[in-house]
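The values are calculated or read from the model by the stated rules, or taken from the named source; none is laboratory data. All figures in this text were calculated on a predicted structure; none of them were measured in a lab. Note that each Cβ is placed from the backbone with ideal geometry, even for glycine, and that neighbours are counted across all protein chains shown. Note: areas computed on protein heavy atoms with side chains; ligands, DNA, RNA excluded. Shrake-Rupley method; radii C 1.70, N 1.55, O 1.52, S 1.80 Å.
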Amino acid sequence: MRKQLAKRRYEDPAGIAYGYAELGDKEQTFAWLDKALAEKSDGLERLKTVRAMDQWHTDPRYIELLKKLGLPQ
């Protein structure tokens, strides 16, 4: 998995978050999204278009992340 690759080389934490979202792991998804935000990941630009994230659009952490990124809900 990309998480293992991230130990050896840079992997975009947003991409890892989206992988966890596809697996349905909410806690890991948001942990990696927080890391992506801290690193100012370009991958966060896709946040609203990643279908795996649709399941968490009402989660307060998702809404807060959109606000921090300056994206409309």
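Quick notes on this structure:
- Every residue from the range 37-73 that is polar (S, T, N, Q) and within 11 Å of the chain's Cα centre (by Cα): S41
- Per-region count, the range 29-43, residues open to solvent by 60 Å² or more (accessible area, probe 1.4 Å) and in a helix (DSSP H, G or I): 4
- The residue pairs whose first member lies in the range 52-73 and is open to solvent by less than 90 Å² (accessible area, probe 1.4 Å), whose second member is of a type in the set (D, E) and part of a helix (DSSP H, G or I), and whose beta carbons are closer than 8 Å, counting only pairs six or more residues apart or on different chains, are A52/E22.
- The residues in the range 44-73 that are part of a helix (DSSP H, G or I) and over 14 Å from A21 (Cα atoms) can be counted, and the count is 9.
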